[in-house]
Amino acid sequence: QLALSSKKYDYVWLQRKLLSPFLINLITKRSKLIYDYDDALYAIESQRNNKPKPTHPGSKQSISRLKYILKRASLVFAGSEALYNYSARYNASATFLIPTAFPAQSNISLPSKINNNSVTIGWIGSIQNLFFLSIIDDVTAAIQQRYPYVRFSVMSGKPSEGLKTDWDFVAWSKEGEEAWLRSID
């Protein structure tokens, strides 16, 4: 649908999706394509123990589609230096670094919270990455048991499940992210 209606628009902004070359051709013949991504779609996910399915990051199909999109895009917004360097190999003049991670040198003032009563350790991530909490669950549960003043807080699209560690869940929202970042140590 997007590809067929793309002639109505000067620009089509595509975020992370790896459309087929056929659809990319339809879009780029009718309008200009802006491609925006913040994940290493060319890399196999670290938790994967088997060969990725064609639609998963790091698969031959995903890499081929990503390269094709990068070459055809009028603008590429890469969310990290690593993604910028990768993208620039295929379309240097149209690639721009637009960091998506919370910047270390930010204009957001994050106060140094010193509270002898508690320490809050935070984790923020997508629903797909919640499994990482299970990898550290034995350690975080042991910390929580030994040091009752240590709290764990997770900001994501849904709460973590089946863990020994008691994680305080905060639903992710752009508006709530700064307040949540201020609440953790």
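Please treat every number below as a calculation from the coordinates, not as lab data. As the structure is a prediction and not an experimental result, all values here were calculated from the model. No Cβ is skipped: glycine too gets one built from the backbone with ideal geometry, and neighbour counts run over all protein chains shown.
Taking Rh as the Kirkwood radius, which is the inverse of the mean 1/r over Cα pairs, what is the Rg/Rh value for segment 18-87? Walk me through the numbers before you get to the answer.
Values: Rg = 12.6 Å, Rh = 12.6 Å.
When Rh is taken as the Kirkwood radius, the ratio is 0.99.
Provide the per-residue ³J(HN,Hα) series for segment 58-66, in order, calculated from phi with Karplus coefficients 6.51, -1.76, 1.60 and θ = phi - 60°, each as a whole number of Hz, with x at glycine and proline positions. In residue order, the calculated couplings are x, 6, 4, 5, 4, 5, 4, 5, 4 Hz. The modelled label-to-label distance for the pair Phe131/Gln1, using points 7 Å beyond Cα in the direction of Cβ, is 3.0 nm.
Structural descriptor for the chain: relative contact order 14 percent, calculated from alpha carbon pairs under 8 angstrom and at least 6 residues apart. For semi-axes √(5λ) of the Cα gyration tensor in Å, the value computed from the atomic coordinates appears in the list (1) 37, 20, 18; (2) 38, 20, 14; (3) 30, 18, 16 under label (2). Between amide H atoms placed 1.01 Å from N, distances below 5 Å from Tyr11 occur with Lys32, all of them 5 or more places distant or on a separate chain.
Principal-axis analysis of the Cα atoms of the chain puts helix 137-146 at an angle of about 30° to the longest axis. In a fully extended conformation the segment linking Arg146 and Thr55 would gain 28.5 nm over its present Cα-Cα distance, using 0.36 nm per residue.
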